[in-house]
Amino acid sequence: MTRFANVGGRMKIVLSNAVADVEVSSAGRFGPDPQQVYRHWDEFSQWLQSAQLLPQEPLPTLDTVGPPSPEPPQIIALGVNSHIKLLQFGLGRPSGLGFISKLRGALTGPGNPITRTSEKMYVETEVAVVIGRSTRNVTSEDALSHVAGFMIAQDLVDSNSYVRIESTVGKHPVVYFNPAKSLAGFVPTGPWLVTPDEVQSIDDLRIRQWIDDRLVQDGRTTDYLHGVREAVSELSQSITLFPGDVLLMGSPGQVDTSPLEPLDAGAVVRGEVDGLGVQQHLITSSDSAETFAESSDVRLG
């Protein structure tokens, strides 16, 4: 199929050097709302196979693009899903596929500034999966037929925002991962959604991240403990996945084994995944708008 972008709240089909509006191209059969496309993904996919698409608008810039799935029913972030991280942390193989939920209010676009919430704010670049069909008890062989596509996500956390309950009897404390994982802007996604047939091999994509032009993450999806097929299948054995759901697959491949570096105000974070595009974010010191001139120069394409 192709690539899709959320431009100004309207779903666009990304062509080689322009975009086509879904509502206009389908003569109103499908509305402009990106989220409604996932609710009719099979019908939409069938229409797209024979649609005559004409360039209607120039390619957008990163700062005009929103999350490809802007109102997902669920955002699911897989737990430790990396052979390298198990070795780094001295951990054995997990007994199953653990995950946490991130909240929808954390979503932001692929070129938006992100507010630095404390001196212990960290980021990793990941592959994200968007679900295209209601999914329950599927096999790994059938899992990709339930996937609408793939995109880049950044997984941010502010460890100062973990909520802890200390033990009064010498046992381990209880730690809540939210709100630390779901603060505003802590789930940037995009710039586009790429359908599975457009991805050469989801099981061997290179994932890289730079902070201020310094490479800090360089890994491949071959490092996943659970690949996309296995993750979708295993999740569906215990929970229902809904059209438009976003799954963050985890972040393999730090350049070295040192701990993640906290983000400073003024830092520029750039994430790139083979075939899925690029994200670029300025880390700002407050909610007062700081312009990010660099992002407006980055065009999709």
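The values are calculated or read from the model by the stated rules, or taken from the named source; none is laboratory data. Every value quoted in this text rests on a predicted model; they were computed, and no experiment measured them. Neighbour counts are summed over all protein chains in view; Cβ atoms, including those assigned to glycine, are modelled from backbone coordinates with ideal geometry. These accessible areas exclude ligands, DNA and RNA; they are computed on the full protein's heavy atoms, side chains included. Shrake-Rupley method; radii C 1.70, N 1.55, O 1.52, S 1.80 Å.
Annotation note: of 136, 104, the sole residue that is in contact with a strand residue (DSSP E or B) (Cβ under 8 Å, 6 or more places away or on another chain), of a type in the set (Lys, Arg), touching a residue at least 12 places away in the same chain (Cβ under 8 Å) and farther than 26 Å from residue 210 by Cα is 136.
Residue 282 meets all of the listed conditions (1) open to solvent by less than 10 Å² (accessible area, probe 1.4 Å); (2) modelled with pLDDT of 95 or more; (3) farther than 12 Å from residue 152 by Cβ but one, namely (1). Being crowded, with 18+ Cβ neighbours inside 10 Å and of a type in the set (A, V, I, L, M) is the filter here; which residues of segment 184-199 pass it? Correct list: 187, 193, 194, 199. The condition of being closer than 15 Å to residue 283 by Cβ and either assigned to a loop (DSSP other than H, G, I, E, B) or out of contact with any helix residue (DSSP H, G or I) (no Cβ under 8 Å at 6 or more places or on another chain) (or both) holds for only one of 185, 170, that being 185. Checking the structure you have, find out if any residue of segment 150-171 is under 27 Å from residue 39 (Cβ atoms), open to solvent by 10 Å² or more (accessible area, probe 1.4 Å) and of a type in the set (S, T, N, Q). No, because not a single residue in segment 150-171 is under 27 Å from residue 39 (Cβ atoms), open to solvent by 10 Å² or more (accessible area, probe 1.4 Å) and of a type in the set (S, T, N, Q). The residues of segment 224-254 that are open to solvent by less than 40 Å² (accessible area, probe 1.4 Å), among the polar types (S, T, N, Q) and in contact with a Lys or Arg (Cβ under 6 Å, 6 or more places away or on another chain) amount to a single one, 236.
Among (1) at pLDDT 95 or above; (2) crowded, with 22+ Cβ neighbours inside 10 Å, where does residue 219 come up short? Residue 219 satisfies all of (1) at pLDDT 95 or above; (2) crowded, with 22+ Cβ neighbours inside 10 Å except (1). Of the residues making up segment 105-123, not a single one is over 13 Å from the mean Cα position of the chain (by Cα), open to solvent by less than 40 Å² (accessible area, probe 1.4 Å), at pLDDT below 95 and within 24 Å of residue 216 (Cα to Cα).
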